[in-house]
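One structure below.
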Amino acid sequence: MHIQMNDIHKAFGTNQVLSGVDFELREGEVHALMGENGAGKSTLMNILIGLHERNQGTILIDGKETYFPSPKEAEQHGIAFIHQELNVWPDMTVLENLFIGKEMTNAFGILQTKEMRTLAIEQFRKLAVTIPIDQEAGQCSVGQQQMIEIAKALMTNAKVIVMDEPTAALTEREIEKLFEVIHSLRKEGVSIVYISHRMEEIFTICDRITVMRDGKTVDTKDIPDTSFEEVVKKMVGRELTERYPVRNPKPGEVVLEAKNMSRKGIFENISFTVRSGEIVGFSGLMGAGRTEIMRALFGLDSLTSGEIQIRGKKVMIRRPEDAVKHGVGFITEDRKDEGLVLDFSIKDNMVLPSLFSFSNRAGVISSKKEQEFVDTLIKRLLIKTESSETAAKNLSGGNQQKVVIAKWVGIGPNVLILDEPTRGVDVGAKREIYELMNELTDRGVAIIMVSSELPEVLGMSDRILVVHEGHITGELSHEEATQEKIMTLATGGQ
Ligand SMILES: Nc1ncnc2c1ncn2[C@@H]1O[C@H](COP(=O)(O)OP(=O)(O)OP(=O)(O)O)[C@@H](O)[C@H]1O
Ligand SMILES: [Mg+2]
């Protein structure tokens, strides 16, 4: 299938999001779509599949003007979309999720459960994922939910697949597997639009790249004819020198200590310390138990045994409220469920958990202080929005992530747990988040960072703990850590 989008314009209210985008997708190519958070990538693709209506411009599919009234028609026409935001139905099983809206029936209208099961298992085998298909999707980790979305799109036998940040929640191994699948799809003539903020991936898997900025196409190039530096410069409109700021850690006293923490069947004998001013990175494969350890630290899950100490004193953290009371903040990897109230404004999302820090001694909230804080962080984190009153759901994926981070900064925690903090965030804003982490640790905050991006773990952690199957299998200092050493420990090697 060949797609040509010409001079596409789109505004949401007064917010002009696209103002003249050209995009061509050839048969059998993997085409990267890059641009800063809020540049309009997801919107452009949503226009292609008929989720949004364009204000102006033409779309040609195999040379014929085509406008789909809804995503359903686009899918019937052979265009599948793996959305950036995970859309699984938590109360339905994995299998039900895979076949939602396209259940297989025989000539008598009877559900062909057996056939559907076989297809699902076969698809998971191709992707090398092990997810029980009868489990409720809500029980799956974020990474598994991502895999369900991918499998679902692949099962439609599409001619064009739009992948919007498909690897944000996946680990290196799964990404490799996905890349194998992309390679074989391309051989079969399937075209792929690949949206990602991960430069390495784009240069590994894509044939061409289109860069967008401020709602316009900046350039389209063959991958071999361009470079990291050139792409970044076109994206952000300026040179970006180093990806990671220099760290000058001055670790102080131990703020948090985990002692033999266990949660039956999930993790066992987890012991570690975090000092003030320190960033401790947690590395490991998806499903190793890193997020589960963090959830327990924050009181979202209970411990079977072991204890948590804050500044040398044993504390009881049974609920998130207890954690917050002890100065522990948690930026979850799941911004949709736990991180944000989508219908609330940016401002309310940012200040709600920290209302007390904006009130005077009599408990009166200073709306001026509040607004200052909100405005500063919007500017600081390059959150792309017209106003702080905009509902969180109307922000682009990466900008939502930034709001989650801002909200916890407002609380002024002693310990801040960051689970995949830069997931879906563009290069420029990533750098801002790293700078913010540096500032927080300079102020004495202890940071625990869970990240599946090895360069990020290596770039920002003062110490790295590697988790494998619910156990800490090793600790590496910033100096001694390498990708190879981490991978060895993460896969259970010595
Ligand atoms: N339904 C909507 N109503 C109002 N504004 C919207 C809506 N959807 C998107 N926008 C705005 O359109 C702009 C582009 O958003 P889009 O999601 O396309 O960005 P993106 O390039 O995909 O960014 P990211 O890398 O963060 O995913 C953003 O400023 C966003 O706030
Ligand atoms: Mg997007």
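Figures for the structure shown
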{"item": "Enumeration of residues in segment 63-87 that are within 16 Å of ligand 1 (Cβ to nearest atom) and free of Cβ contacts under 8 Å to residues at least 24 places away in the same chain", "result": "Ser70, Pro71"}
{"item": "Search result, residues across segment 1-31 that are in a strand (DSSP E or B) and among the β-branched types (Val, Ile, Thr)", "result": "Ile3, Ile8, Val17, Val21, Val30"}
{"item": "Positions within segment 23-45 being among the aliphatic types (A, V, I, L, M) and more than 28 Å from Lys402 (Cα to Cα), in sequence order", "result": "Leu25, Val30"}
{"item": "Every residue from segment 382-401 that is open to solvent by less than 40 Å² (accessible area, probe 1.4 Å) and either more than 12 Å from ligand 1 (Cβ to nearest atom) or part of a helix (DSSP H, G or I) (or both)", "result": "Ser388, Ala392, Gly397, Gly398, Asn399, Gln400, Gln401"}
{"item": "Residue that is modelled with the lowest pLDDT, among those in segment 230-249 that are among the β-branched types (Val, Ile, Thr) and exposed (fewer than 15 other Cβ atoms within 10 Å of the Cβ)", "result": "Thr241"}
{"item": "Condition broken by Gly40, with the remaining ones in (1) within 13 Å of ligand 1 (Cβ to nearest atom); (2) open to solvent by 20 Å² or more (accessible area, probe 1.4 Å); (3) closer than 23 Å to Asp222 by Cα satisfied", "result": "(2)"}
{"item": "Selected residue (only one of Arg263, Arg275, Arg290, Arg318 is of a type in the set (Lys, Arg) and under 27 Å from Gln400 (Cα atoms))", "result": "Arg290"}
{"item": "Inter-residue pairs, beta-carbon under 7 Å, first crowded, with 19+ Cβ neighbours inside 10 Å and in segment 291-304, second of a type in the set (Val, Ile, Thr) and part of a helix (DSSP H, G or I), 6+ apart", "result": "none"}
{"item": "Pick from segment 50-82, criterion part of a strand (DSSP E or B) and within 16 Å of Leu154 (Cβ to Cβ), ranking: nearest to the chain's Cα centre (by Cα)", "result": "Ile82"}
{"item": "The one condition in (1) in contact (Cβ under 8 Å) with a residue 60 or more places away in the chain; (2) farther than 19 Å from Leu454 by Cα that Val142 fails to fulfil", "result": "(2)"}
{"item": "Residues of segment 271-299 that turn out to be outside any loop (DSSP other than H, G, I, E, B), touching a Gly at 6+ places or on another chain (Cβ under 7 Å) and under 15 Å from Ala490 (Cα atoms), as a count", "result": "1"}
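Each row is one residue, and each column tells you yes or no for (1) modelled with pLDDT of 90 or more; (2) surrounded by fewer than 20 Cβ atoms within 10 Å (Cβ to Cβ); (3) among the β-branched types (Val, Ile, Thr); (4) under 19 Å from the mean Cα position of the chain (by Cα).
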| site | (1), (2), (3), (4) |
| --- | --- |
| Leu98 | yes, no, no, no |
| Glu103 | no, yes, no, no |
| Phe108 | no, yes, no, no |
| Leu111 | no, yes, no, no |
| Leu127 | no, yes, no, no |
| Gly143 | no, no, no, yes |
| Met155 | no, yes, no, no |
| Ile161 | yes, no, yes, no |
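The values are calculated or read from the model by the stated rules, or taken from the named source; none is laboratory data. No experiment lies behind these values; they were computed from the predicted model shown. Neighbour counts run over all protein chains shown; Cβ positions are idealised from the backbone, glycine included. To get the accessible areas, we keep the full protein, side chains included, count just its heavy atoms, and leave off ligands, DNA and RNA. Shrake-Rupley method; radii C 1.70, N 1.55, O 1.52, S 1.80 Å.
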